[in-house]
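To keep things clear, I will list the structure first and then write my remarks on it.
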Amino acid sequence: MARKLLFENINVPGIHTLEVYRQHGGYRSVEKALKTMTPEAVVEEVKTSGLRGRGGAGFPTGMKWSFLAKPEGKERYLVCNGDESEPGTFKDRYLMTHIPHLLIEGMIVASYALGAKTSYIYVRGEMMPQIRILERAIAEAKNAGLLGKNILGSGYDLELYVQPGGGAYICGEETALIESLEGKRGNPRIKPPFPAISGLYACPTVVNNVETIAAVVPIINDGGEEYAKFGVGRSTGTKLISASGNLKKPGVYEIELGLPVEEFIYSEEYCGGIANGKRLKAVVAGGSSVPILPANLILNTINGQPRLMTYESLSDGGFQTGTMLGSGGFIAFDEDQCIVRNTWNFSRFYHHESCGQCSPCREGTGWMEKVLHRLEYGHGKMSDIDLLVDVSKKIEGNTICPLGDAAAWPVASAIRHFRDEFEWHVNNPKEAMERNYGLAKYADPLPKLEEVASQN
Amino acid sequence: MLSVTEHKEIEFSSDLIKQFDEIVSRYPQGKQKSALLPVLHLVQAEYGWVSPEAMDKVAAYLQINPIEVYEVATFYTMFFLRPQGKYVLEVCRTGPCCLVGAEKIMNHIEKTLGVKEGEVTPDGKFSWRGVECLAACGMAPVLQIGPEYTFYENLTEESVDKLIENLKNKI
Ligand code: FES
């Protein structure tokens, strides 16, 4: 069993309560940080750990923290991003449900490091049960003197609140999240200024993902250097992976970064292979926004190296033959799945979720949805395929926030790797309505896969 | 769309106002607009939807312009701008859920309830709609029911039947 840093105790009965959580070493990092470390030392420790933002962007957390402006007489804020809406991603829900105090503990330490006196956890509105869980846990922590005035006699004060969203994917983008927290539509802001200078209520603000904040706890407990011993290269530590789609054992897994993708999919410790004895066709490795890869390219890089679950290995080959770790939303497609249909589905999602500020995204996502719809429903033309590529190129890079890119990449990559399937839809509209294209050459050559298949 | 039906005055209960007050206290002085989303959630939980009258009241309570409430209520998909069934079944329709049969579940719900997406059953008890990824893709297919957003996972046609049956028998 691989060692875990966040979920070591997740199966302990009652771990969601303060009492049990503390019995298992909970809130040690608060004692250590507030009583024996300066805020600067906490930031340094996080820098040393090499922790990178777990929400999708992968930006070094310590560096993000050190950018926070500290003007005299102005409040500073820490806002936790629990908006979790990237299709394929459900790790934060899992963490908040089962071990809410881990997030609260991380919030206290991180707020201390940043000098925030009021912090917010922004949770998507649909997670009302999780909001209740967090509020209960916050009340427990406050009763125990871990929140509020003069925490553990350290002289440090912190109030922590949970804020519900309203069901808008875009609020996962940090400036949209800030707008939403201010009671406005979730329209991303033009940057600069960055939130580190002018964020919530025009004050310096750091926005971090739930998992990022939780990772601060083991970093402070064991030291940044210890944390950095996990993982490989610049991908340090562990990562929560949300595994979904046609897998035998979908769910949330904490992996050490560097785990081979093949092991993650096929080993019994993790996903246990493809469900129903089927074969793997494709994978979206980091949430719906990242490029989709056919089975052969997700298991091995173009140079024949085994693909690893790291920021670097997954993006090996650039967008031509690689993808991204993103938020860790790992979606597996079996041989029966239709790539055209899924691409249409994702396009509908981005069209639905575009905030509408930038024309390329507002209009382009709608066009892509329409064109993909007609391809899927047997009215497509051959020229539609290049039209899609063209539209996606004109969205990419031309919008205020990354939603435009996120909408463009899945379409561009699906056509890049599965063009024959799109063409087949055009040439065989009737047949395409009745059956799916199947595996074609995508699964070859996959010796390990055959092995697994023969065992079943 | 905002539905502009006849204007009915409403009055928030003192209990509701107390909850609003507590929410407003979470933000710095003068930043009470931050309470807008949580307040709208409470309003919807109370009335089943957010009517234009309720929005005007919220604006007055938060001392902001009504338009500031309208623009927010119309932006966020969780807020219902017209009356719904007592139970709104919200089924995830996004990619990962569709890989394991969400579309079949939606068709089944449509057939069972006998109403199209967004419509209310004649007895006023149910409506349903497809929603985007609910961050539960590993337990797909899934649906949720407000106002507490209770979650139902790994749906099958049978489990949906049971759920609807149970809700029908609830008063
Ligand atoms: S796709 Fe349905 S919950 Fe994520």
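When the residues of region B:71-81 are filtered to those that are within 7 Å of chain A (Cβ to nearest Cβ) and not hydrophobic (A, V, I, L, M, F, W, C), the one that is surrounded by the fewest Cβ atoms within 10 Å (Cβ to Cβ) is B:Glu71. Scanning region B:129-171 for residues that are of a type in the set (A, V, I, L, M, F, W, C) and outside any loop (DSSP other than H, G, I, E, B) yields B:Val131, B:Cys137, B:Met139, B:Leu143, B:Ile145, B:Phe151, B:Val160, B:Leu163, B:Ile164, B:Leu167. When the criteria are applied in full, A:Pro193 meets the requirement of being outside any helix (DSSP H, G or I) and without any contact (Cβ under 8 Å) to a residue 40 or more places away in the chain. When the residues of region A:105-122 are filtered to those that are touching a Leu at 6+ places or on another chain (Cβ under 7 Å), aliphatic (A, V, I, L, M) and not in a loop (DSSP other than H, G, I, E, B), the one that is surrounded by the most Cβ atoms within 10 Å (Cβ to Cβ) is A:Met107.
What about B:Cys97, is it over 18 Å from the mean Cα position of the chain (by Cα) and near the ligand (Cβ under 8 Å from one of its atoms)?
It is true that B:Cys97 is over 18 Å from the mean Cα position of the chain (by Cα) and near the ligand (Cβ under 8 Å from one of its atoms).
Show the residue pairs that are 6+ apart or on different chains and have beta-carbon atoms under 7 Å apart, the first residue being within region A:211-236 and more than 15 Å from A:Glu45 (Cβ to Cβ) and in contact (Cβ under 8 Å) with a residue 24 or more places away in the chain, the second being of a type in the set (Lys, Arg) and crowded, with 24+ Cβ neighbours inside 10 Å. If the second residue must be of a type in the set (Lys, Arg) and crowded, with 24+ Cβ neighbours inside 10 Å, the pairs left are A:Glu211/A:Arg54; A:Glu211/A:Lys91.
You will find that of A:Lys64, A:Lys91, A:Lys35, A:Lys70, the residue that is among the basic types (Lys, Arg), within 16 Å of the ligand (Cβ to nearest atom) and either outside the structural domain of A:Leu403 (by TED's automatic domain parsing) or modelled with pLDDT of 95 or more (or both) is A:Lys91 and no other. Within region A:268-295, restricting attention to residues that are closer than 15 Å to A:Arg307 by Cβ and among the small types (Gly, Ala, Ser), the residue that is surrounded by the fewest Cβ atoms within 10 Å (Cβ to Cβ) is A:Ala295.
The numbered conditions (1) within 30 Å of A:Lys281 (Cα to Cα); (2) in contact (Cβ under 8 Å) with a residue 60 or more places away in the chain are all true for B:Gly146 except (1). Kindly establish whether A:Ala57 is modelled with pLDDT under 95, under 25 Å from the mean Cα position of the chain (by Cα), surrounded by 14 or more Cβ atoms within 10 Å (Cβ to Cβ) and away from the ligand (no atom under 16 Å from the Cβ). Yes: the conditions hold for A:Ala57.
When you go through A:Gly172, A:Gly183, A:Gly165 one by one, which is the residue that is closer than 17 Å to B:Ile23 by Cβ, within 19 Å of the chain's Cα centre (by Cα) and within 13 Å of chain B (Cβ to nearest Cβ)? Result of the check over A:Gly172, A:Gly183, A:Gly165: A:Gly165. Considering region A:284-383, the qualifying helices (runs of 4 or more DSSP H), each wholly inside and each with 3 or more residues that are touching an Asp or Glu at 6+ places or on another chain (Cβ under 9 Å), run over A:295-299, A:339-353, A:359-376. Selection of region A:206-264 for residues being in a strand (DSSP E or B) and among the polar types (S, T, N, Q) yields A:Asn208, A:Asn209, A:Ser235, A:Thr236, A:Thr238, A:Ser242, A:Ser244. The single residue among B:Gln84, B:Gln63, B:Gln144 that is more than 14 Å from the ligand (Cβ to nearest atom) and within 14 Å of chain A (Cβ to nearest Cβ) turns out to be B:Gln63. The condition of being farther than 29 Å from A:Ser119 by Cα and out of contact with any helix residue (DSSP H, G or I) (no Cβ under 6 Å at 6 or more places or on another chain) holds for only one of B:Leu81, B:Leu37, that being B:Leu81. Every condition in (1) of a type outside the set (Gly, Ala, Ser); (2) without any contact (Cβ under 8 Å) to a residue 24 or more places away in the chain; (3) in contact with a strand residue (DSSP E or B) (Cβ under 9 Å, 6 or more places away or on another chain) is met by A:His417 except one, and the failing one is (2). If you scan region A:302-348, which residues turn out to be hydroxyl-bearing (Ser, Thr, Tyr) and crowded, with 24+ Cβ neighbours inside 10 Å? Matches in region A:302-348: A:Thr323, A:Ser327, A:Thr343, A:Ser347. Within region A:5-22, residues that are closer than 10 Å to A:His101 by Cα sit with their Cβ atoms under 8 Å from residues that are modelled with pLDDT of 95 or more and among the aromatic types (Phe, Trp, Tyr), at 6+ positions apart or across chains, in these pairs: A:Ile15/A:Tyr21; A:Tyr21/A:Tyr27. Could you tell me which residue of region A:59-80 is nearest to A:Ile121 (Cα to Cα), considering only residues that are part of a loop (DSSP other than H, G, I, E, B) and within 12 Å of another protein chain (Cβ to nearest Cβ)? The extreme case among them is A:Glu75. Which one of the conditions (1) touching a Lys or Arg at 6+ places or on another chain (Cβ under 6 Å); (2) surrounded by 20 or more Cβ atoms within 10 Å (Cβ to Cβ) does B:Ile64 fail to meet, given that it meets all the rest? B:Ile64 satisfies every listed condition except (2).
For region A:81-96, the criterion of a residue being farther than 30 Å from B:Val131 by Cα and either more than 14 Å from every other protein chain (Cβ to nearest Cβ) or assigned to a loop (DSSP other than H, G, I, E, B) (or both) is satisfied by no position. Report yes if A:Glu40 is in a helix (DSSP H, G or I) and not β-branched (Val, Ile, Thr), otherwise no. It is true that A:Glu40 is in a helix (DSSP H, G or I) and not β-branched (Val, Ile, Thr). Quick check on region B:91-128: of everything there that is out of contact with any helix residue (DSSP H, G or I) (no Cβ under 9 Å at 6 or more places or on another chain), in contact (Cβ under 8 Å) with a residue 12 or more places away in the chain and not in a loop (DSSP other than H, G, I, E, B), which residue is nearest to the other protein chains (Cβ to nearest Cβ)? Selected residue: B:Met106.
The values are calculated or read from the model by the stated rules, or taken from the named source; none is laboratory data. Small disclaimer: the values here were computed from a predicted structure and weren't measured. Positions of Cβ are backbone-derived with ideal geometry, glycine not excepted, and every protein chain shown enters the neighbour counts.
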